[in-house]
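The values are calculated or read from the model by the stated rules, or taken from the named source; none is laboratory data. Because the structure is predicted, anything quoted here is derived from the model rather than measured. For neighbour counting, all protein chains shown are included, and Cβ atoms are generated from backbone atoms with ideal geometry for every residue, glycine included. In case anyone asks, the SASA skips ligands and DNA or RNA and just uses the protein heavy atoms, side chains included. Shrake-Rupley method; radii C 1.70, N 1.55, O 1.52, S 1.80 Å.
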Amino acid sequence: MQPAESLTDLALGIVVLVLAVRLHRARLAHRHWEASFWWAGTAALAGAVHHGVIVRWPRWGDLSWTIISAMVVVAISYLLAATVAEVLGPGRARAFWLLRSLGLIAYAVLALTGHAGIAAILSCESLTMACILVLWGWAALHRHPLARPVLLGVLASGAAGAVQALSPAVTAWVGLDPTSSYHLAQIVGMALVYRAATRPLREVAAADLLAESVA
């Protein structure tokens, strides 16, 4: 068993699912944001089960990681869909599939050359994340109100992912292994993305409050 990894993944999953519920109530937030959080939170809870239970059986562990990786892919796909909708406007399905196909084609090439696997899936998803960053970078140049907050959240999530590559001797300073440290760091990234996605709602609420005070 991997108790630290399991507990921190559980914490991540609970926080992200709570944010997903709050996004559902925030009617001004695009539905793709909500879907991304639901899938990411569910993947984290599945990771908690994997680390806490399924690792006892290596054969089932491989299947478990495959399923969790697929959930992460879906979460990232919805993040891209939300980005396309916010930056390029609704009804841009063609643009979404064009960008999404980059990661899918890359994985297909790896699979055909005998390099299929979980690591390959996640590596190819970096192309999708790159598309997300490019779109929000373009949006920032055009003064999109959500650009900087979203970029901050996505970059924080990316930095959290980099924590996994740290030496255990480094993360030992906080009493955790790299994977557990990543889980906790990812909470910060997801919270920042949530705050960015709900910014329109807060702005409307502030405007309503100002209108009431004037009246």
Requested in this report: Output the residues belonging to segment 1-41 that are open to solvent by less than 60 Å² (accessible area, probe 1.4 Å), within 20 Å of residue 81 (Cα to Cα), hydrophobic (A, V, I, L, M, F, W, C) and touching a residue at least 60 places away in the same chain (Cβ under 8 Å).
Outcome: 16, 19, 23, 26, 29, 33, 37, 40
Query raised in the report: Does residue 168 meet the test of being exposed (fewer than 12 other Cβ atoms within 10 Å of the Cβ), under 30 Å from residue 66 (Cβ atoms) and modelled with pLDDT of 85 or more?
Result: yes
Query raised in the report: Among 163, 154, 150, which is the only one that is surrounded by 16 or more Cβ atoms within 10 Å (Cβ to Cβ), in contact with a Pro (Cβ under 8 Å, 6 or more places away or on another chain) and among the hydrophobic types (A, V, I, L, M, F, W, C)?
Result: 163
Requested in this report: List the number of the failed condition for residue 141; all other conditions in (1) over 22 Å from residue 199 (Cα atoms); (2) open to solvent by 80 Å² or more (accessible area, probe 1.4 Å) hold.
Outcome: (1)
Report summary line: Taking segment 133-146 and keeping only residues that are free of Cβ contacts under 8 Å to residues at least 40 places away in the same chain and assigned to a helix (DSSP H, G or I), one is left with 133, 134, 137, 140, 141
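Per-residue answers, yes or no, for (1) under 13 Å from residue 157 (Cβ atoms); (2) modelled with pLDDT under 95; (3) not hydroxyl-bearing (Ser, Thr, Tyr):
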| position | (1), (2), (3) |
| --- | --- |
| 175 | no, yes, yes |
| 178 | no, yes, yes |
| 181 | no, yes, no |
| 190 | yes, no, yes |
| 199 | no, yes, yes |
| 203 | no, yes, yes |
| 208 | no, yes, yes |
| 211 | no, yes, yes |
Report task. Could you list, in sequence order, all residues of segment 117-128 that are open to solvent by less than 50 Å² (accessible area, probe 1.4 Å), part of a helix (DSSP H, G or I) and out of contact with any Phe, Trp or Tyr (no Cβ under 7 Å at 6 or more places or on another chain)? Result -> 125, 128
